[in-house]
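Here the structure comes first, spelled out in structure tokens, and everything after it is commentary.
The values are calculated or read from the model by the stated rules, or taken from the named source; none is laboratory data. Everything numeric in this text was worked out from a predicted model, so none of it was measured. FYI the Cβ positions are ideal-geometry reconstructions off the backbone, even for glycines, and counts take in every protein chain you see.
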Amino acid sequence: MITHVEAATPALCRLQLGSELRQLRLAAGIKGAQVCKRLIWSPSKLTRLETGENASVETPDVMGLCEIYGVDAETRSRLLGYAAVTKTRRDWWATAEYRPAIRPGFRAFLDLEATATALQNYEAEFVPGLLQTEAYIRAIYESAFQGLPPEDIDRSVAIRTTRQQVLDRSDVSLKFTAIINEAVLWRRVGEPQVMRDQLAHIVEVVESRPNVRVQVVPYRAGVHPGMSGAFVVFQFPDKLGLKPMVYLENLADAVVKRTDGDVERFAEAFSELQSLASGPKESLSLIKEAIKEH
């Protein structure tokens with residue numbers, strides 16, 4: 001539960017509000033279909049609200065749900081406070097400057113990232129986003145999105161670099177654990193200097209931030225569970241009552257997995273990758289060696 005709503009971020013309020021409303025519905029023994037029928041909602045509207053996917057939450061919607069669930073006055077006041085924050089404040093990625101350039105799936109990712117206490121990221125082809133330099137990001141966009149106007153590239157680069165501020169979050173520290181395929185160290189993105197600076201940046205971040213850990217899965221590890229692609233596992237503060245979630249992204253879409261079976265599968269895969277990867281010190285040595293080769 002958020003103790004100081006007025007100081008909470010909109011992303012945190014959306015997730016907390018959705019989580020509490022779902023718990024209240026289940027405690028009342030009411031099915032989602034019953035709620036939708038009574039309020040004349042589509043099933044997707046209730047789902048988006050309970051999963052915190054709406055950019056903002058309308059006060060009448062919360063009041064309607066509180067009436068159905070028989071919520072007491074204190075709880076209702078708190079839930080309405082969450083909704084008010086989503087209406088009166090905006091996370092940086094929801095501002096007019098950035099919103100047009102962010103797909104719904106990635107917006108959901110930013111919501112989760114801003115709220116999580118632990119983030120486990122496996123990357124097979126790229127340096128993890130939270131560790132990318134501006135030059136590395138720009139080289140990716142200029143190569144993958146040829147013909148994109150320069151101002152759009154600038155905005156996309158700004159989005160990717162701004163999100164890295166989460167590593168310096170002052171309220172609740174984010175524990176970031178990244179595992180990367182060794183190929184990431186050798187796949188040249190941009191000019192050689194771009195790669196040297198990028199790899200040196202990883203070393204600097206790891207050595208200066210105790211909340212960041214990076215390991216490399218060496219070629220000699222052979223077949224491993226990360227060969228099916230990149231993924232991110234999120235863990236949240238206990239007070240939110242949110243279970244871990246998984247984020248997957250490809251060229252066409254991005255999706256958040258919430259079911260226990262899916263999350264457990266990816267959590268186990270990450271644990272196995274950690275055991276197969278070189279230790280933190282040896283991984284830094286591999287990265288430093290790659291810097292010399294580039």
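Details
A quick yes/no check of all residues on (1) over 26 Å from the mean Cα position of the chain (by Cα); (2) in a helix (DSSP H, G or I); (3) assigned by TED's automatic domain parsing to the domain that holds Val166; (4) farther than 17 Å from Pro104 by Cα:
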site	(1), (2), (3), (4)
Leu26	yes, yes, no, yes
Ala55	no, no, no, no
Gly64	yes, yes, no, yes
Val71	yes, no, no, yes
Leu79	no, yes, no, yes
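- Single condition Val212 does not satisfy, out of (1) surrounded by 18 or more Cβ atoms within 10 Å (Cβ to Cβ); (2) more than 25 Å from Val166 (Cβ to Cβ): (2)
- Residue satisfying condition, being under 24 Å from Leu273 (Cβ atoms) and over 15 Å from the mean Cα position of the chain (by Cα), within set Gln146, Gln164, Gln132, Gln120: Gln132
- Qualifying residue in segment 137-159 (condition: assigned to a loop (DSSP other than H, G, I, E, B), in contact with a helix residue (DSSP H, G or I) (Cβ under 7 Å, 6 or more places away or on another chain) and surrounded by 15 or more Cβ atoms within 10 Å (Cβ to Cβ)): no
- In segment 114-128, the residues that are surrounded by fewer than 20 Cβ atoms within 10 Å (Cβ to Cβ) and either touching a Pro at 6+ places or on another chain (Cβ under 6 Å) or in a helix (DSSP H, G or I) (or both): Thr117
- Residues in segment 215-240 that are over 17 Å from Ala269 (Cα atoms) and surrounded by 14 or more Cβ atoms within 10 Å (Cβ to Cβ): 3 in all.
- Segment 27-83, subset touching a helix residue (DSSP H, G or I) at 6+ places or on another chain (Cβ under 6 Å) and aromatic (Phe, Trp, Tyr), residue surrounded by the fewest Cβ atoms within 10 Å (Cβ to Cβ): Tyr69
- Scan of segment 76-100 for residues that are within 15 Å of Ala55 (Cβ to Cβ) and either without any contact (Cβ under 8 Å) to a residue 12 or more places away in the chain or among the aliphatic types (A, V, I, L, M) (or both), ordered by number: Ala83, Ala84, Val85, Thr88, Ala94, Thr95, Ala96, Arg99, Pro100
- Number of the exception - Lys243 against (1) over 16 Å from the mean Cα position of the chain (by Cα); (2) part of a loop (DSSP other than H, G, I, E, B): (1)
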